[in-house]
Amino acid sequence: MGVKAALPRYEIYLYTAVLCMALLWTASWIFEVSRANVNRKTFKASVKDGWYYFGGKVDMADTEWVMWFLNFRCHILFALSGHVIFAKICSMLAPKHRSIMYTAYGMMAIFTSMGWTYVTLVLSHCVLLYSISLVKIKWLCFVAGLTSLATFKIEPFVTWQEGFVTGSFQLQGLLFYGGCGFTIMRCMSFALENCEKNEGNYSFLELLKYNFYLPFFYFGPVMTFDKFHVQVNNPDLIRKEREMWNIIAWAVGHLGIIITVDVLFHFMYILTIPSDLKLVKQLTDWTLAGLAYSNLVFDWVKATVMFGVINTVSKLDHLDPPKPPKCITMLYVFAETHFDRGINDWLCKYVYDYLGGNHDNIWNELVATVCTFSVTALWLGPCQIVCVWAFLNCFGLNFEFWLAKFFSLEPFASIEMAMSEAMSRRIRAVFNAFNFWAIILYNVLALNSLDFARLVARRLLLRGFPLSTLSVLIVTYCGIQLIKERERKQALLLDPDPVLTPEPTPIPASTPSPTTTPIPSPKAVAVDAPGKEDAGKEKAE
């Protein structure tokens with residue numbers, strides 16, 4: 001109810017004005033704090049000299065961003081450019097065998113960068129999991145895969161396997177863990193898909209093609225084997241109309257984002273400030289809220305750009321890679337929260353949807369979410385902050401589900417049916433504003449620190465109550481309404497002439513109804529607000 005409910009135009013304009021003013025004020029306060037503390041001692045490690053044209057310093061606290069777009073951008077561009085050129089030649093000369101050529105180039109590049117011992121280590125895990133996949137027992141494949149993954153996350157197995165890699169350079173650790181971790185996830189996907197194959201088995205060569213595709217090898221994203229296998233073996237290499245122009249526009253757009261972020265880092269030190277808790281305690285409540293929000297926005301931008309660069313290369317190879325993550329600003333339900341759509345799709349396909357079934361049973365949903373976030377915690381590396389993050393997000397997702405069940409009962413379902421769709425949308429947005437900040441606080445602790453997350457929560461919920469708390473929620477409410485307006489227009493594009501039907505008679509809560517009973521489908525588990533669910537899968541990073 002209320003998916004296509006329109007609000008008065010002046011109301012949307014008011015929401016836009018309030019949100020824009022709040023964002024501008026918050027940005028100006030962060031800018032003032034950054035300028036005033038640019039020479040602070042605690043900033044020296046991460047605030048370095050920036051572009052000559054700006055004559056100032058730049059925030060370089062994020063190691064992944066610095067690695068990708070500053071220190072090692074030439075090395076990464078060289079490797080990916082070599083793949084593009086090599087892949088184009090192979091596609092022209094031997095289109096039917098291009099997947100084998102991709103594998104050969106990938107193994108050669110990995111051998112050159114990491115050495116033969118690393119390639120041997122990766123192959124040993126591939127052979128082990130391939131052998132187990134021949135048994136075609138899903139639970140055995142899953143246990144074996146998780147055990148292999150644990151050997152790269154838990155001591156002393158990590159140190160023992162690292163000892164096989166000779167040499168030492170700055171990127172070695174990152175490439176080692178990235179390549180090995182994604183290798184295990186790909187091998188598990190291969191093994192589980194092989195269990196689904198009715199006749200025979202996939203060959204070991206297919207696993208090598210899948211794992212050693214260079215653009216995805218070190219940094220992802222993960223494509224499930226069933227999708228990759230079909231796309232990489234597709235002999236039809238004819239592009240759609242304007243597809244090449246779209247790829248070029250995609251690449252230019254990401255270049256523009258990189259430049260914009262670098263420019264902003266010269267004026268706002270959003271990554272360095274949260275690390276100085278003594279300074280953070282002196283900031284206003286609004287500045288703290290802006291810092292927490294901007295950190296999540298940056299993490300989304302970083303994931304979008306990093307995967308966007310890789311996805312651009314894979315699109316040139318006629319693949320359809322996982323889409324970029326959904327913008328954090330557009331998230332107001334836990335069911336859609338993710339920062340890596342590839343891992344998210346993997347988890348939904350092999351864990352969450354497999355265990356959760358139709359997602360209409362509280363116990364099955366609880367088991368599915370606990371198992372999903374347990375695998376996610378192992379993937380990220382089990383430690384205190386990861387375990388806290390996993391617990392909070394697992395609770396948030398289940399709480400949405402419980403709330404959906406609760407508000408599907410009478411008299412809530414009948415009350416919502418009696419009110420107008422516009423009013424229903426407003427009430428839902430109030431609940432979504434609380435949910436939005438729960439998502440921010442639950443995830444900012446994984447990006448910064450547990451102490452910073454505690455400080456933000458204490459200031460916004462306790463010390464700042466009621467003025468700061470209510471003002472932040474009001475601005476968030478305005479943002480939620482603008483998001484809903486965008487979703488409404490998208491829904492109208494899909495169904496521009498909806499058929500108006502009279503309001504149905506309230507149905508008992510025990511009977512599934514698309515308007516009154518929020519029984520999630522396999523792709524939806526979240527409640528948009530009382531008596532309403534949001535389509536989306538459980539998202540974990």
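If packing is taken as the mean number of other Cβ atoms within 10 Å per residue, what is the order of 268-278, 93-103, highest first? Before the final figure, lay out each step's value.
On the way: 268-278: 21.3, 93-103: 16.3.
Result, highest mean Cβ count within 10 Å first: 268-278, 93-103.
Determine, for each peptide in 366-379, 341-354, 138-151, 419-432, the mean count of other beta carbons within 10 angstrom over its residues, then list the peptides with the highest first. It would help to have the intermediate numbers written out before the result.
Working: 366-379: 20.4, 341-354: 22.1, 138-151: 17.2, 419-432: 18.8.
Descending mean neighbour count gives 341-354, 366-379, 419-432, 138-151.
Kindly report, to the nearest 10 Å², the accessible surface of K281 as traced by a 1.4 Å probe over protein heavy atoms only.
Per-residue accessible area (K281): approximately 130 Å².
Apply 1/(1 + (r/R0)^6) to the Cβ-Cβ distance of L492 and T42, taking R0 = 45 Å, and write down the FRET efficiency to the nearest 0.05. List each step's numbers first, then the result.
Values: r = 51 Å, r/R0 = 1.12.
FRET efficiency, L492 to T42: 0.35.
Over the range 78-126, with a single point scatterer placed on each C-alpha, what log10 of the ratio I(q)/I(0) does the Debye formula yield at q = 0.14, 0.20, 0.21, 0.26 1/Å?
Calculated log10 I(q)/I(0) at the listed q: -0.39, -0.70, -0.74, -0.92.
Please report, in cubic angstrom per residue, the volume enclosed by the convex hull of the alpha-carbon atoms of the range 1-115.
Hull volume normalised by residue count: 296 Å³.
Given a 1.4 Å probe and every protein chain left where it sits, what share in percent of the accessible area of the chain is carbon and sulfur?
Numbers: 17340 of 25660 Å².
Carbon and sulfur atoms account for 68 percent of the accessible area of the chain.
Given 0.36 nm per residue, what is the gain on full extension from K281 to R458 after removing their alpha carbon distance, in nm?
Working it through step by step, the gained length comes to 62.6 nm.
What is the extension gain from L467 to M244, computed as 0.36 nm multiplied by their sequence separation minus the C-alpha to C-alpha distance, in nm to one decimal? Don't skip to the answer; put the middle values down first.
Numbers: separation 223, 0.36 × 223 = 80.28 nm, distance 5.18 nm.
Result for the pair: 75.1 nm of gain on full extension.
Hey, what does the equivalent ellipsoid look like for the chain, semi-axes from the Cα gyration tensor as sqrt of 5 times each eigenvalue, largest first, whole Å?
On the way: eigenvalues 300, 201, 109 Å².
Computed over the chain, the values are 39, 32, 23 Å.
How far apart, in nanometres, would the label points at E421 and A150 be if each is projected 7 angstrom from Cα along the Cα-to-Cβ direction?
For the pair E421/A150, the computed spacing is 5.1 nm.
Return one whole number: the accessible area per residue of the chain in Å², for a 1.4 Å probe. Kindly include the intermediate steps, with their values, before the conclusion.
Numbers: 25660 Å² over 541 residues.
Normalised by residue count, the accessible surface of the chain is 47 Å².
How long are the semi-axes of the equivalent ellipsoid of the range 317-392, defined as square roots of 5 times the Cα gyration tensor eigenvalues? Whole Å, largest first.
Square roots of five times the eigenvalues give 21, 17, 14 Å.
Per residue of the range 14-22, what does 6.51 cos²θ - 1.76 cosθ + 1.60 with θ = phi - 60° give for ³J(HN,Hα)? Whole Hz please, x for Gly and Pro, Karplus curve as stated.
My calculation for the range 14-22 gives 5, 4, 5, 5, 4, 5, 4, 5, 5 Hz in order.
Based on a Kirkwood Rh over C-alpha pairs, give the Stokes-Einstein translational diffusion coefficient of the range 139-232 at 20 °C and viscosity 1.002 mPa s in µm²/s.
It comes out at roughly 150 µm²/s.
Once amide H atoms are built 1.01 Å from N in the peptide plane, which residues 5 or more positions from V47, or in another chain, come under 5 Å H to H?
Result for V47 returns M60.
At what distance in angstrom do the alpha carbon centres of the range 1-76 and the range 456-477 lie from each other?
After rounding, the separation between the Cα centres reads 21 Å.
With each run of n ≥ 4 DSSP H residues scored as -39500 (n - 2.57), what mean residue ellipticity at 222 nm is computed for the chain after dividing by its residue count and rounding to the nearest 500 deg cm²/dmol?
Rounded to the nearest 500, the figure is -20500 deg cm²/dmol.
Taking amide H atoms as placed 1.01 Å from N in the peptide plane, list the residues 5 or more away in sequence, or in a different chain, whose amide H sits under 5 Å from that of K57.
For K57, whose amide H was placed from the backbone, the distant partners under 5 Å are G50.
Over what distance in Å are the Cα centres of the range 341-375 and the range 173-200 separated?
19 Å
HN-Hα J couplings of the range 278-295 from phi, Karplus 6.51/-1.76/1.60, θ = phi - 60°, integer Hz, Gly and Pro as x?
Taking θ as phi minus 60°, the curve returns 5, 6, 4, 5, 8, 7, 6, 4, 5, 5, 4, 4, x, 5, 4, 5, 5, 5 Hz for the range 278-295.
Taking all protein chains together and a probe of 1.4 Å, list W389, W250 from the most accessible to the least accessible.
On the way: W389 15, W250 75 Å².
Per-residue accessible area, sorted high to low, gives W250, W389.
Through the Karplus equation 6.51 cos²θ - 1.76 cosθ + 1.60, θ set to phi - 60°, convert the phi angles of the range 348-361 into ³J(HN,Hα) values in whole Hz; use x for Gly and Pro.
5, 6, 9, 10, 5, 6, 5, 8, x, x, 7, 6, 10, 10
Using a Cα-Cα cut-off of under 18 Å, which lysines could be cross-linked to K96, ignoring same-chain neighbours fewer than 8 residues away?
K88, K209, K227, K315
The values are calculated or read from the model by the stated rules, or taken from the named source; none is laboratory data. Bear in mind the structure is a predicted one, so any value in this text is a computation, not a measurement. A quick note on method: Cβ atoms are made from the backbone with ideal geometry, for glycine too, and the neighbour counts reach across all protein chains shown. Ligands, DNA and RNA are excluded from the accessible area calculation, which covers all protein heavy atoms including side chains. Shrake-Rupley method; radii C 1.70, N 1.55, O 1.52, S 1.80 Å.
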